[in-house]
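So the structure is just underneath, and the comments pick up after that.
A short reminder: the numbers here are calculations on the coordinates, not readings from a lab. For clarity, every value in this text was computed on a predicted model and none was experimentally measured. Cβ placement follows ideal geometry from the backbone for every residue including glycine, while neighbour counts extend to all protein chains displayed.
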Amino acid sequence: MADYLNQQEAVQIREPASLGSLLYISRSTIAPEEAEAVVAGIVATSVTRNAAVGLTGALLFTGTHFAQALEGDKAAIEDLMHRVTCDIRHDEIVIVEQGPLEQRRFDTWSMAYFGPSQFVSRHVTRLLNDPSPAERRRAADWLGELLCEFTARRPFPTLIEQPSIP
Ligand SMILES: Cc1cc2nc3c(=O)[nH]c(=O)nc-3n(C[C@H](O)[C@H](O)[C@H](O)COP(=O)(O)O)c2cc1C
């Protein structure tokens with residue numbers, strides 16, 4: 001883990017003509033005892049590859065689920081999502097928000113990693129299971145805000161062992 005904690009990738013952003021964003025959640029298929037190393041690998045790959053194509057965003061791992069916000073050129077997001085949806089380290093991928101973007105919310109790639117957090121897991125599970133559009137909307141907004149809040153305070157990939165939220 002230590003390797004990527006101090007990793008800093010300068011993201012040179014020349015804004016693409018069609019700037020978009022996407023937020024998805026998914027269920028981890030990673031064995032708990034392997035999660036730390038596997039997620040560190042995902043982050044290391046993501047930092048390098050996303051910077052190379054001008055993608056920014058945030059990745060949250062709750063121990064059972066992922067939530068990832070991506071922003072950048074719509075075609076670059078689409079390319080990445082083709083790879084990500086084929087990745088067997090997670091399944092049950094649900095896109096909860098997608099659309100055009102005026103201004104980036106994450107201007108560097110950031111990674112917030114939670115150890116198993118029942119609080120965050122509960123919200124993510126609700127987002128997956130709740131059939132009511134209003135409730136899903138609220139949960140999606142909450143998740144987006146959470147990612148923003150963490151990345152604003154920690155502009156580079158950061159390991160957060162325990163959430164400080166109630
Ligand atoms: C939850 C999750 C999030 C991921 N996010 C990214 C990402 O943001 N950027 C990226 O390049 N790969 C990401 N990956 C890894 C990709 O699925 C893929 O393994 C990687 O891009 C290498 O693809 P390739 O082997 O086809 O070259 C993620 C994987 C998972 C499970």
*Want the number for A134 to E92: 0.36 nm per residue separation, take away the alpha-carbon distance, what's left?*
13.0 nm
_Along the Cα→Cβ direction, 7 angstrom out, place labels at E36 and A52. What is the inter-label distance in nm?_
2.9 nm
_Considering only C-alpha atoms, what is the centroid distance from segment 69-107 to segment 123-146, in Å?_
17 Å
*FRET efficiency estimate (nearest 0.05) - Cβ-Cβ, T45 to S121, R0 25 angstrom*: 0.55
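All other residues with a Cβ under 11 Å from the Cβ of L22 taken together, and with Lys, Arg as +1 and Asp, Glu as -1, what is their net charge? Could you put the intermediate results ahead of the total?
Numbers: positive: K74; negative: E71, E78, E97.
Neighbourhood net charge equals -2.
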